[in-house]
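Structure record follows, encoded as structure tokens.
The values are calculated or read from the model by the stated rules, or taken from the named source; none is laboratory data. Treat the numbers as computed from the prediction; the structure is a model and nothing was measured. So basically every Cβ, Gly included, is an ideal-geometry build from the backbone, and we count neighbours across all protein chains shown.
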Amino acid sequence: MKPETSKSFEAYSNSPYSSIKHSSYFHVYDRYFSRFIGQEIIFVEIGVLNGGSLFMWREFFGKHARIIGIELNPEAKKWEKDGFEIYIGSQSDPNFWEAFFSEVGQVDVVLDDGGHTFEQQIVTAECCIPNIKSGGLLVTEDVHTSYIGTLVDLRRILLSVTPRTKSTGSIIGLGILPRRKNSKKTFRLSRSLNRS
């Protein structure tokens, strides 16, 4: 499917500011995020410096969504004038996450487009999953970046992240893996968080 047929791609194209999203991710966004359109949700994106994705998600989800950005660079606070909430901190710092969720409470969706290292992604998953509402999502983009040039079995590592609390939702990893010489294939890994 071409990204041009995607609602999230349309919102991306309409954003007045730039952001970088892999073209194969748009249909994944549509598949997993469409049920939240028009709902009163709390959507958190990690990695929002240029601001483009904030506007994309506001258009995609609609006026009832509370869009929150997390960024390491304090310059991102400039997006608060446009009605977004911006929190400055490191996604690899559990103390940041504790303070964040203490103030914000539980959220519906976390989209990790932050630092792209497995350490950051693992800390983020461990800290966010207990604070995602039942039926919510944690989507981690670009999981392949931690494994470029290695022979690590990415599926085994991603799917071995086991949350420690009761929750019902999903964790989804998006990335690009080499398929053949000079060719790439997008993959999507997902895991249900149904636990008792």
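From the list 106, 120, which one is farther than 16 Å from residue 41 by Cα and more than 12 Å from the chain's Cα centre (by Cα)?
Selected residue: 120, the only one of 106, 120 that is farther than 16 Å from residue 41 by Cα and more than 12 Å from the chain's Cα centre (by Cα).
If you check residue 80 against the conditions, is it surrounded by 14 or more Cβ atoms within 10 Å (Cβ to Cβ) and in a helix (DSSP H, G or I)?
It is false that residue 80 is surrounded by 14 or more Cβ atoms within 10 Å (Cβ to Cβ) and in a helix (DSSP H, G or I).
Output yes when any residue across segment 53-62 is over 18 Å from residue 14 (Cα atoms) and part of a loop (DSSP other than H, G, I, E, B), and no when none is.
No, that holds for no residue.
With respect to the numbered conditions (1) assigned to a helix (DSSP H, G or I); (2) under 14 Å from the mean Cα position of the chain (by Cα); (3) modelled with pLDDT of 90 or more, which one is the sole condition not fulfilled by residue 34?
Failing condition for residue 34: (2).
I'd like to verify a number: residues in segment 91-125 that are surrounded by 14 or more Cβ atoms within 10 Å (Cβ to Cβ) and without any contact (Cβ under 8 Å) to a residue 24 or more places away in the chain, how many?
So the count comes out to 1.
Which members of segment 9-48 meet the condition of being surrounded by 16 or more Cβ atoms within 10 Å (Cβ to Cβ), within 23 Å of residue 87 (Cβ to Cβ) and of a type in the set (A, V, I, L, M)?
11, 41, 42, 44, 46, 48
Go through (1) among the charged types (D, E, K, R); (2) under 19 Å from residue 122 (Cβ atoms); (3) touching a Lys or Arg at 6+ places or on another chain (Cβ under 9 Å) one by one and return the number of the condition residue 45 breaks.
That leaves (3) as the condition not met.
Whether any residue in segment 17-35 is acidic (Asp, Glu) and within 16 Å of residue 107 (Cα to Cα) is what I want to check.
Among the residues of segment 17-35, not one is acidic (Asp, Glu) and within 16 Å of residue 107 (Cα to Cα), which makes the answer no.
Condition check ((1) at pLDDT below 95; (2) at negative phi) across all residues:
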position	(1), (2)
52	yes, yes
62	no, no
66	no, yes
70	no, yes
82	no, yes
85	no, yes
91	yes, yes
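Given (1) within 19 Å of residue 112 (Cα to Cα); (2) surrounded by fewer than 21 Cβ atoms within 10 Å (Cβ to Cβ), where does residue 5 come up short, assuming only one miss?
Residue 5 satisfies every listed condition except (1).
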